[in-house]
Amino acid sequence: MGSIWTAETEIRSREPLSGDISVEAVVIGAGMAGILAAYYLQQAGITVAVLEADRIGSGQTKNTTAKITSQHNLIYDSLIRTFGNRMAEHYARANEEAIGEFERLILEKGIECNFVKCPAFLYSRAEEVSLKREAAAAASLGIKASFETDSELPFSVAGVTRFDGQARFQPLRFLEKLSEEVTVYEQTRALKAEGKQVETDRGCVTAEHIVFATHFPFPNVPGYYFARMYQERSYVMALEGAGRLEGMYLGVDPDGLSFRPYGEFLLLGGGSHRTGVNRREGRPAGRAVRDRQGVEMPERGCRYGWLREQARAFYPGCSEAAHWSAQDCMTLDGIPYIGRFSERRSGWYVATGFGKWGMTTAMAGARILTALITGQECPEADIFSPQRHFTARAAKELLSHGAYTVKGLAKHLLPAENDRIIPNCPHMGCRLEWNPDEESYDCPCHGSRFDREGHLIDNPAQTNCRRRNRS
Ligand code: FES
């Protein structure tokens with residue numbers, strides 16, 4: 001089932017690339033990050049072309065819950081302690097300005113995309129200490145943030161951290177309008193980048209600047225993003241008859257839920273897990289795993305079922321209008337990689353690893369990359385730089401990420417159950433896992449996904465799975 005945004009938006013299709021071209025900048029990926037980057041580069045007087053393997057907005061943009069916020073879970077207290085006040089302030093300012101820029105653009109162009117300003121909340125049912133700390137940290141960085149004890153949620157909470165001046169919108173309607181202002185080649189898959197050239201299946205693009213806005217960048221070397229990121233899936237349900245909320249809410253407890261209103265609907269989200277990994281892996285078999293509130297956590301194969309149970313418990317009588325899932329790139333330290341792709345490739349840029357906050361950081365990323373490419377000052381770029389210093393949290397995550405990769409690679413030696421495809425990931429060979437929730441083969445190493453027949457759904461892999469020779 002597709003997202004609620006897909007069901008109500010039809011973006012005009014574009015012609016594929018036909019032959020070789022030269023432009024000043026080429027952007028790979030026509031999701032929110034790619035289209036925004038192309039738009040701002042063009043505004044700065046640069047000739048741009050966007051390459052898209054499928055259709056505009058057909059990647060992760062169509063599956064977002066479309067919150068435009070500087071509130072990104074519990075982050076500011078940790079940012080201050082890890083990177084210091086100045087860099088934490090840069091993170092806050094880049095995201096606060098991104099909210100303002102969305103509003104300015106939408107008003108200036110008259111884009112009808114259900115843009116609504118509203119507060120955003122973090123909630124906990126278990127404790128308030130971290131929420132108070134987060135509110136104080138965010139406020140010290142200039143964000144309108146406070147701690148409160150009341151909420152609109154259908155259960156009692158220990159407290160909430162409130163951010164004012166946040167927003168939400170319909171992302172595909174926004175993209176539909178903005179993409180009219182840039183040149184996009186659809187059905188044009190970038191296969192290889194070398195120096196100033198991007199080779200596609202439809203021709204070659206020569207450009208002084210190459211921007212990788214492909215969700216997960218496909219070149220493995222240099223940059224080594226495959227070793228510095230993994231992917232997470234999370235699940236969303238659009239409910240009718242669940243009442244109305246003014247704000248958007250995210251639970252910070254294990255398996256906390258996300259609540260986000262949209263017109264008559266309430267979008268209820270949760271059940272996050274590393275792509276390709278059974279969330280109960282490593283837990284005692286046959287024993288229920290419960291969160292701190294005693295709610296049983298979902299097993300593989302019943303995540304939508306678990307979300308339905310939550311919906312029924314909190315909103316008896318509600319009905320389900322749609323359900324879908326999202327896939328997010330997670331960095332080792334929780335901050336996106338936006339900036340120069342690698343010190344070894346001048347003219348290459350990247351915007352990736354947005355975590356669950358891809359709308360706001362896509363805007364922040366587009367503005368940072370435009371500043372870097374046009375040689376303008378951009379103090380906020382330091383915290384997002386892919387070459388930033390390695391933190392203790394990143395080192396710990398790197399070990400855990402490495403362990404999943406080793407396990408995934410080792411498993412590929414086992415005999416496979418599928419008799420039509422070879423279920424080893426074409427990216428780097430890890431053994432794929434069947435995901436019954438999505439009916440897809442998912443890679444536990446870096447998160448590529450394939451349908452039942454082995455056709456590529458999500459990168460970093462660039463090709464379909466190999467098929468078995470039946471003769
Ligand atoms: Fe890298 Fe599968 S996504 S090995």
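Every number here is computed from the coordinates shown, using simple stated rules; none is lab data. No experiment lies behind these values; they were computed from the predicted model shown. Note that each Cβ is placed from the backbone with ideal geometry, even for glycine, and that neighbours are counted across all protein chains shown.
If you keep only loop residues by DSSP, which trypsin sites (Lys or Arg not before Pro) in region 193-281 have at most 10 other Cβ atoms within 10 Å of their Cβ? Present the calculation step by step, with values, prior to reporting the outcome.
Values: sites: Lys196, Arg202, Arg228, Arg233, Arg244, Arg274, Arg279, Arg280; in loops: Lys196, Arg202, Arg244, Arg279, Arg280.
Passing both the DSSP loop test and the Cβ count: Arg244.
With a ≥ b ≥ c the root eigenvalues of the C-alpha gyration tensor of region 322-390, is it rounded (a/c under 1.5), prolate (a/b larger than b/c) or oblate? Prolate, since a/c reaches 1.5 and a/b exceeds b/c. Stokes-Einstein, applied to the Kirkwood radius of region 203-249 over Cα pairs at a viscosity of 1.306 mPa s and 10 °C, places its translational diffusion at 102 µm² s⁻¹. Put a plus charge on the Cβ of each Lys and Arg, a minus charge on the Cβ of each Asp and Glu, and nothing anywhere else: the dipole of region 1-132 about its Cα centre is then about 320 debye.
Using a 4.7 Å Cβ-Cβ cutoff, the cysteines of the chain lacking any partner cysteine are Cys113, Cys118, Cys204, Cys302, Cys318, Cys329, Cys378, Cys465. Run the Debye formula on the Cα coordinates of region 333-461, all scatterers equal and no solvent, and tell me log10 I(q)/I(0) at q = 0.11, 0.13, 0.16 1/Å. Per q value, in the given order, log10 I(q)/I(0) is -0.53, -0.70, -0.92. Please work out whether region 1-80 counts as rounded, prolate or oblate from its C-alpha gyration tensor, where a ≥ b ≥ c are the square roots of the eigenvalues and a/c under 1.5 means rounded, while otherwise a/b larger than b/c means prolate and anything else oblate? Here region 1-80 falls in the oblate category. To the nearest 500 deg cm²/dmol, what mean residue ellipticity at 222 nm is calculated for the chain from DSSP H runs of n ≥ 4 alone, each contributing -39,500 (n - 2.57), summed and divided by the residues? One gets -8000 deg cm²/dmol as the mean residue ellipticity at 222 nm.
For the pairs Lys117/Lys177; Lys117/Lys144; Lys144/Lys177; Lys67/Lys177; Lys192/Lys396; Lys109/Lys356, flag any whose C-alpha to C-alpha distance is greater than 25 Å. Checking Cα-Cα distances, Lys144/Lys177; Lys192/Lys396; Lys109/Lys356 exceed 25 Å.
Label-to-label distance for Val116 and Ala139 is 2.7 nm, based on points extended 7 Å past Cα in the beta-carbon direction.
Return the tail of the calculated pair distribution for region 135-178, meaning the percent of Cα-Cα pairs more than 18 Å apart.
On the way: 482 of 946 pairs.
When all Cα pairs of region 135-178 are counted, 51 percent exceed 18 Å.
Suppose R0 equals 60 Å; then what is the FRET efficiency for Cys204 and Asp150 from their Cβ-Cβ distance, rounded to the nearest 0.05? The pair Cys204/Asp150 has a calculated efficiency of 0.50.
How do Ile335, Ile99 rank when sorted from fewest to most other Cβ atoms within 10 Å of their own Cβ?
Working: Ile335 25, Ile99 21.
Fewest-to-most ranking of Ile335, Ile99: Ile99, Ile335.
Measuring r between the beta carbons of Glu246 and Ala44 and using R0 = 35 Å, the FRET efficiency lands at 0.40.
Check every DSSP H run in the chain and write down those whose alpha carbon atoms cover 20 angstrom or more along the long axis and whose mean Kyte-Doolittle hydropathy is 1.0 or greater. Don't skip to the end; give the middle numbers.
Working: long enough: 85-109 (35 Å, -0.87); 358-374 (23 Å, 1.15); 392-411 (29 Å, -0.10).
In the chain, the long hydrophobic H runs are 358-374.
Calculate the all-directions average of the projected area of region 94-234's alpha-carbon convex hull, and give it in nm². Write out the running numbers ahead of the final one.
Numbers: hull surface 50.5 nm².
Reported value for the Cα convex hull: 12.6 nm².
Take the Cβ atoms of Arg420 and Cys302, set R0 to 25 Å, and the FRET efficiency comes out at 0.45. Compactness ratio for the chain: Cα radius of gyration over 2.2 N^0.38 Å (N = residue count) comes to 0.94. If a paramagnetic tag sat 7 Å from the Cα of Ser22 along the Cα-Cβ line, which residues of region 323-363 would have the backbone N under 18 Å from that point? Correct set: 347. Would you please classify the overall shape of region 1-147 from the alpha carbon gyration tensor, given that a ≥ b ≥ c denote the square roots of the eigenvalues, rounded means a/c under 1.5, and beyond that prolate means a/b larger than b/c while oblate covers the rest? Note, shape of region 1-147 comes out prolate.
Each label point was placed 7 Å from the Cα along the Cα-to-Cβ direction; for Glu181 and Glu10 their separation is 2.5 nm. Excluding the site residues themselves, the longest part of the chain lacking any GluC sites (Glu not before Pro) in a DSSP loop with at most 13 other Cβ atoms within 10 Å is 128-245.
For Leu191, the amide hydrogen comes within under 5 Å of the amide hydrogens of Glu199, Thr200, Asp201, counting only partners 5 or more places away or on other chains and with H modelled in the peptide plane.
Listing Val211, Val129 from fewest to most neighbouring C-beta atoms within 10 Å gives Val129, Val211.
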